[in-house]
Amino acid sequence: MILDYSSSFHYVLALLPEVVLSCWGMLVLIMGVSRRREPGHGQEFGWMSLAGLGLAAVANGWLYWGVSESGTAAMIAVDRFRLFANWVFILGAALSIVISLAYVTRQKLQAGEYYSLILFATIGMMFMGAARDLMIIFLGLELMSIGVYALVGFNRRDRRSAEAGLKYFLLGAFATGFLLFGIALVYGGAGSTNIQSIAGAIQSGNAANVLMVPGVALLAIGFGFKVALVPFHMWTPDVYDGAPTPVTAFMAAAVKTAAFVAFLRVFVVGLAGVYDQWWTVLWSLAAITMVAGNVVAVAQSSVKRMLAYSSIAHGGYLAVAVIAANDTATAALLFYLLVYTVMNIGAFAIVITVSNQSESNHRIEDYAGFGWRRPALGVFMTVFLLSLAGFPGTAGFIAKYQLLLGAAEARLWVLAVVLVLTTVVSYWYYLRVAWFMWMREGDETAEAVAAAADPPLATHVVLVLCVGLILLGGIFPGAVLELAIGSAEGLRGVVAEATATLAP
């Protein structure tokens with residue numbers, strides 16, 4: 001079927017996954033409010049939310065294999081780049097919901113509202129991935145952010161959660177102002193907020209540089225905040241540490257994915273004609289982020305804060321794909337985001353288990369002897385840590401290798417060396433946790449932590465699934481890589497040839 005956007009019906013079809021998930025999210029919210037259950041009950045709302053995500057995934061698959069669009073000027077993209085990203089969003093949301101089931105019950109949170117917020121935030125992410133217009137990206141960003149703001153401060157009985165929610169809201173609103181002001185300046189310079197029209201105005205020489213240059217700078221600041229590039233990362237450690245751990249997992253995986261998908265589409269497609277004006281700035285931000293994120297992570301004594309700084313470092317790795325601005329790097333970014341979602345949520349699932357569905361036992365010392373007392377969970381956590389570090393034989397290694405191929409194709413040799421060296425540094429803090437699990441004797445507190453670590457069946461399924469995907473992706477990555485490469489080709493026709501000659 002070909003969508004020509006000649007009627008509103010075709011726009012509904014183009015947004016079918018979002019429409020399905022919107023209706024389902026409202027249903028979950030209404031049922032959660034109307035049934036008036038006591039806080040801590042209502043796991044059925046979590047399973048309902050998973051069913052809605054499954055329907056959205058089916059609708060997304062129908063668009064991926066059964067629908068194409070005529071032209072690339074519409075505000076909503078139905079290219080495979082967007083649809084591949086949708087699957088990552090759906091997977092991240094589904095895994096986050098499953099690891100939240102026992103946590104929401106234990107912490108006596110309002111289940112209907114919690115799960116519906118995850119669905120609405122996911123809809124915002126899907127709009128960000130689908131947008132070919134800066135205003136649609138802004139609307140999707142706000143829908144996602146409002147849901148995540150509420151999720152971060154959702155546990156009202158926890159002072160740290162409320163503090164994290166307030167910090168994220170204030171700093172997020174500040175960064176959104178930069179993004180919106182940047183959109184206004186780009187509109188003034190190019191005469192349009194449509195990404196394809198902006199690219200055409202720049203390449204034809206009709207864009208006003210006096211407005212475009214500051215506009216691009218402000219867009220970089222806005223996106224830099226959302227993907228936690230240094231020095232716009234200040235909010236990340238405190239917000240990740242204070243938020244409920246399942247929400248932290250959701251933010252570190254799905255929110256970062258949405259921000260990078262929109263980041264790449266705006267800069268690599270819309271702003272390809274001014275590549276020589278922004279690549280050096282992003283080059284510096286990526287290098288500083290990789291170095292600072294990994295170095296500061298070494299000094300952390302909390303596993304949760306260590307994973308927060310690890311997320312910052314991975315943001316630096318992913319920024320390399322935006323700077324490389326070629327098909328190889330675009331496919332690598334999609335593959336990396338999928339792998340990062342799986343291994344990151346898997347690691348946080350272990351953190352939730354060790355904390356016994358609470359916000360305690362986050363010290364690295366609490367993991368002493370954990371591997372011997374809980375061998376299955378210890379092996380799972382070790383696999384996640386090795387994959388995050390990029391150890392050969394895991395999907396994390398393949399993901400970083402693909403990023404290096406994209407960087408090499410763009411001749412970003414220094415940035416590639418920085419990526420490799422900082423990856424070596426990351427082995428220290430990832431393997432430090434594994435060393436405590438397998439090589440250190442636990443004290444009475446650590447023994448009590450290991451004894452209490454008993455995840456529910458649903459979390460066990462998630463852990464087995466994540467480990468299986470990581471190992472399968474590390475040994476036989478071909479099928480997923482081909483899917484990512486085919487999805488990245490959707491952007492090929494609109495990326496300016498100038499990026500190949502302007503690369504350093």
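Would you point out which residue out of 380, 391, 348 is within 17 Å of residue 470 (Cβ to Cβ), surrounded by 21 or more Cβ atoms within 10 Å (Cβ to Cβ) and either modelled with pLDDT under 90 or in contact with a Gly (Cβ under 9 Å, 6 or more places away or on another chain) (or both)? Don't jump to the end; show me each part of the working.
Details: 391 fails: surrounded by 21 or more Cβ atoms within 10 Å (Cβ to Cβ); 348 fails: either modelled with pLDDT under 90 or in contact with a Gly (Cβ under 9 Å, 6 or more places away or on another chain) (or both).
Being within 17 Å of residue 470 (Cβ to Cβ), surrounded by 21 or more Cβ atoms within 10 Å (Cβ to Cβ) and either modelled with pLDDT under 90 or in contact with a Gly (Cβ under 9 Å, 6 or more places away or on another chain) (or both) holds for just one of 380, 391, 348, which is 380.
Here's the yes/no breakdown for (1) touching a helix residue (DSSP H, G or I) at 6+ places or on another chain (Cβ under 7 Å); (2) at pLDDT 85 or above:
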{"residue": "423", "(1), (2)": "yes, yes"}
{"residue": "440", "(1), (2)": "no, no"}
{"residue": "444", "(1), (2)": "no, no"}
{"residue": "457", "(1), (2)": "no, yes"}
{"residue": "477", "(1), (2)": "yes, yes"}
{"residue": "480", "(1), (2)": "yes, yes"}
{"residue": "484", "(1), (2)": "yes, yes"}
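Going through the stretch 53-69 one residue at a time, which ones are within 20 Å of the chain's Cα centre (by Cα) and among the small types (Gly, Ala, Ser)?
54, 56, 57 - these are the residues of the stretch 53-69 that are within 20 Å of the chain's Cα centre (by Cα) and among the small types (Gly, Ala, Ser).
Of the residues that sit in the stretch 54-77 and are touching a Phe, Trp or Tyr at 6+ places or on another chain (Cβ under 9 Å) and crowded, with 23+ Cβ neighbours inside 10 Å, which one is modelled with the highest pLDDT?
Initially, the stretch 54-77 is screened for residues touching a Phe, Trp or Tyr at 6+ places or on another chain (Cβ under 9 Å), giving 55-57, 60-61, 64, 69-71, 73-76.
Subset that is crowded, with 23+ Cβ neighbours inside 10 Å: 56, 60.
Working: 56: 92, 60: 89.
Looking at residues that are touching a Phe, Trp or Tyr at 6+ places or on another chain (Cβ under 9 Å) and crowded, with 23+ Cβ neighbours inside 10 Å, I get 56.
Please specify each residue of the stretch 1-31 satisfying the condition of being assigned to a helix (DSSP H, G or I), at pLDDT below 80 and not hydrophobic (A, V, I, L, M, F, W, C).
Correct list: 8, 10, 11.
Is it the case that some residue within the stretch 211-231 is surrounded by fewer than 24 Cβ atoms within 10 Å (Cβ to Cβ), more than 24 Å from residue 319 (Cα to Cα) and at pLDDT below 90?
Yes: one or more hits.
Tell me, which helices (runs of 4 or more DSSP H) wholly within the stretch 96-202 include 2 or more residues that are without any contact (Cβ under 8 Å) to a residue 40 or more places away in the chain and of a type in the set (Gly, Ala, Ser)? Walk me through it before giving the result.
Values: elements: 111-130, 134-152, 159-190.
Where helices (runs of 4 or more DSSP H) fall fully within the stretch 96-202 and carry at least 2 residues being without any contact (Cβ under 8 Å) to a residue 40 or more places away in the chain and of a type in the set (Gly, Ala, Ser), they are 134-152, 159-190.
Can you tell me which residue within the stretch 351-377, out of those that are in contact with a strand residue (DSSP E or B) (Cβ under 9 Å, 6 or more places away or on another chain) and outside any helix (DSSP H, G or I), is surrounded by the fewest Cβ atoms within 10 Å (Cβ to Cβ)?
Narrowing the stretch 351-377 to residues in contact with a strand residue (DSSP E or B) (Cβ under 9 Å, 6 or more places away or on another chain): 362-364.
Add one more test, that the residue is outside any helix (DSSP H, G or I), and what stays is 362-363.
Working: 362: 20, 363: 17.
For the stretch 351-377, the residue satisfying everything is 363.
I'm told residue 325 meets every condition in (1) modelled with pLDDT of 90 or more; (2) small (Gly, Ala, Ser); (3) on the phi > 0 side of the Ramachandran plot except one. Can you identify the failing condition by its number?
So residue 325 meets the others, but not (1).
Which is at negative phi, assigned to a helix (DSSP H, G or I) and aliphatic (A, V, I, L, M), of 259, 207?
259
Restricting attention to the stretch 285-300, does a residue exist that is under 30 Å from residue 479 (Cα atoms), surrounded by fewer than 24 Cβ atoms within 10 Å (Cβ to Cβ) and not hydrophobic (A, V, I, L, M, F, W, C)?
So the first thing to find is which residues in the stretch 285-300 are under 30 Å from residue 479 (Cα atoms), and the list is 286, 290.
Keeping just the survivors that are surrounded by fewer than 24 Cβ atoms within 10 Å (Cβ to Cβ) gives none.
No - not one qualifying residue is present in the stretch 285-300.
The values are calculated or read from the model by the stated rules, or taken from the named source; none is laboratory data. Since the model is a prediction, treat every value here as computed from it, not as a measurement. Please note: Cβ atoms are built from the backbone with ideal geometry, for glycine as well, and neighbour counts cover all protein chains shown.
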